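A.B. asks: Input: one structure, supplied below.
Bear in mind that the values in this text are calculations on the coordinates, not laboratory data. Worth saying up front: this structure is predicted, and the values here are computed from it rather than measured. Cβ sites come from the backbone with ideal geometry, for glycine too, and all protein chains shown count toward neighbours.
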Amino acid sequence: MAMQAGSETLRARRRFRSIYWVMQFVRMTLLLALAPTVGRAQAPASGTIPPSRSPSPTATTPALPVYRTFTPGMSYRAFVERARALADSDVLRCQTSPHTAQVMECGVVIRGPRDAARFYLSAHFIEGNADVVAFYDSAGFGDKRGVPLVDRTKKELTGLFGRPRPVGKSGWEWRYGQRAVRFSWRGRGTARWVSVTLTDRDVMDRISAYVTPPVRRKS
C-alpha cells in the first residue's frame, strides 16, 4: 500500500509540475502589454481563507529562499498581505478549483519593494500553503530593455542565491532541499519573456489527495 501511495504521489507531482511550466509561458506571452487588470475571478474574501498547514519538519532544513519578500511554502494569509501591499494600481484576485476549495490560484500586478520593478505575481495554493509562487516580466518587440532585462535578472539572482545549476538552454535553478528557485527566459527578436518561480515539493505532493486516480481496465 505504501509503494502504491508513493507512486500515485509521484504521478500527481509530475502531472501538475508540467502544467505549472506550461502556465508560466502562456502567462508570459500575455505580459507584453502587462495589463493592469489580471483577471475576472473573485477577490479573496476574509471569511473564505483556507487553513494553512505547516510543512513537515526535517532533520536538516536548508535555508529558505526569499525573493522580493516571498518564499515557497508561504501561507495564503502571508501572501495576500504582502501582495496587497505591493499591488500596482491593481486588485489581488483569487480563484478556487471547481472541485475543491483547498486548491486555489491568485494573481496581481505588483511593484518590487526596492527597485519598483513591475511584475505579474502569481501563486498556487494547496491546503493554505503556496506550492508555487511566480514572477513574470517581459519586453515587447522593439523594446530596447529586452536583453538588459535578462542580464539584470541573472545578476540579481546570482547575487541572492549564488551560482545556479543550468536547466536546458534557457533556465537556471537553485535547490534548497524540497524547495527550489527557477529562472527561465525566452526570446524572439528583440522581445524577451522571463519568469522567476519558487516551488515547494512538500506542499506540491498534497495535490495527490485531490487527483482522481485513473480507472484501470480489466485485462
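A.B. asks: How high is the relative contact order of region 154-219, in percent, with contacts defined as C-alpha pairs under 8 Å that are six or more residues apart?
C.D. replies: With pairs under 8 Å counted, the relative contact order is 19 percent.
A.B. asks: Separation of region 88-128 and region 150-203 by C-alpha centroid, Å?
C.D. replies: Region 88-128 and region 150-203 have Cα centres separated by 19 Å.
A.B. asks: If the only charges are +1 at each Lys and Arg Cβ and -1 at each Asp and Glu Cβ, what is the size of the charge dipole of region 81-148 around the Cα centre, to the nearest 20 debye?
C.D. replies: In debye, rounded to 20, region 81-148 gives about 280.
A.B. asks: Which aspartates and glutamates does LYS169 reach when only Cα atoms under 16 Å apart count, and residues fewer than 8 places away in its own chain are ignored?
C.D. replies: Once the sequence-local aspartates and glutamates are set aside, what remains near LYS169 is ASP151.
A.B. asks: Setting aside same-chain residues fewer than 8 positions from LYS155, which aspartates and glutamates have a Cα under 16 Å from its Cα?
C.D. replies: ASP115, ASP137, GLU173
A.B. asks: Now, a different point. Order 71-82, 165-176 from most to least packed using the mean count of other Cβ atoms within 10 Å.
C.D. replies: The most tightly packed comes first, giving 71-82, 165-176.
A.B. asks: For region 120-219, what is the charge dipole size about the Cα centre, in debye to the nearest 20, if Lys and Arg each add +1 at the Cβ and Asp and Glu each add -1 at the Cβ?
C.D. replies: Value, rounded to 20: 520 debye.
A.B. asks: Can you run the Rg to Rh ratio on region 113-218? Use alpha carbon positions and the Kirkwood inverse-distance Rh.
C.D. replies: 1.08
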